Structures are given as C-alpha cells and as structure tokens.
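The values are calculated or read from the model by the stated rules, or taken from the named source; none is laboratory data. This structure is a prediction, so every number in the text was calculated from the model and none was measured. Counting neighbours? That spans all protein chains shown, and the Cβs are built from the backbone with ideal geometry, glycine included.
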Amino acid sequence: MSYMENYAKKGILKNGVGEIEHWKTDDDGWYISPLGMHVKIGNNVDIGFYAILCNYVDIRDDVEIGSSVVIGNRVTIHKGAKIGNNTSILSGSTIGKNAIIGNDVEINFYSTICDGVTIHDGVVIECDAKVETDVLKNEGGINEKESN
C-alpha cells in the first residue's frame, strides 16, 4: 500500500469520496506529491508533479496547483484558485477565491491574496502583506526576484 493510499484510508486525504486518482504518478507508478499531516483537499483539485504540501494545508474545490510548488504549514487556498509552477506559498498565507498566482512567485509568511487577484510571474510578496489588486512583474513597490 502506498503512503497516499494510507492517507486516504485514515481519512486525511479528502477528494469528495476519498479517491486519489488526481494525484500524479511517475513512470513507475509512485505518487510524487508528498503530503504533510492533516491536509484537506476539496473536489476537482489538480496538483502537479513534485508539489510539496506541508501540515494543515486546506485546499478547497476546483483548485489547480502547478509542478514544483511548495505550500507551507497552515495555508488555505480557496475555491477556483490557480497556482503556477515553481511557486512558494509560505506558512500562514491565504489565497482567495479565483486568485491566479503566476510561475516563479514567492508569497512570504502570513500574506493574504484577496479574491480574484492576479499575481504575475516572478513577483515576490513580502511577509504579512494583504494584496487587494493585481500585481504586475514590473510594478514598483513590490519586491521582485532578481533576474540574471
């Protein structure tokens, strides 16, 4: 029995009726999106390869999470949100309904991305920020990742 099947049997992994078919597997059939403890996953959730979900993560219905995403402890991602590849959402953060987070984004500790907000590729959101409007990569006032 795989560790994912074990989570499902314990009732920690919730996908409507407890199915785990939306989890990605590699060529050998191994599940490759590790879960922390007490992770809640809603219906119609798609999580990409090599995503890491830490403890007490709450993912609501109709969420898409890209590959190589790290989601810290006690993060809530609300219905309809989309998270791009290579993105980090650190502990205590909240992603609002239908928010769109681009690729290579860093959302630091205890930040809130409000409903419907779009964060474009390569943006860094500072700790304890409340983002209420869309953030473009080239906007001033938001720390961006350094480009080489």
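With respect to the conditions (1) buried (at least 17 other Cβ atoms within 10 Å of the Cβ); (2) at pLDDT 95 or above; (3) of a type in the set (A, V, I, L, M, F, W, C), residue 142 lacks only one, and its number is (2). For segment 83-112, filtered to residues that are more than 19 Å from residue 61 (Cβ to Cβ) and of a type in the set (D, E, K, R), the residue that is surrounded by the fewest Cβ atoms within 10 Å (Cβ to Cβ) is 104.
One residue stands out in segment 105-136 among those that are among the acidic types (Asp, Glu) and in a loop (DSSP other than H, G, I, E, B): the one that is farthest from residue 69 (Cα to Cα), namely 132. Filtering 62, 58, 115 for residues that are at pLDDT below 95, of a type outside the set (A, V, I, L, M) and either surrounded by 19 or more Cβ atoms within 10 Å (Cβ to Cβ) or out of contact with any strand residue (DSSP E or B) (no Cβ under 7 Å at 6 or more places or on another chain) (or both) leaves a single hit, 62. State which residue is modelled with the lowest pLDDT when the search covers only segment 65-102 and only residues that are assigned to a loop (DSSP other than H, G, I, E, B) and of a type in the set (A, V, I, L, M). The selected residue is 69.
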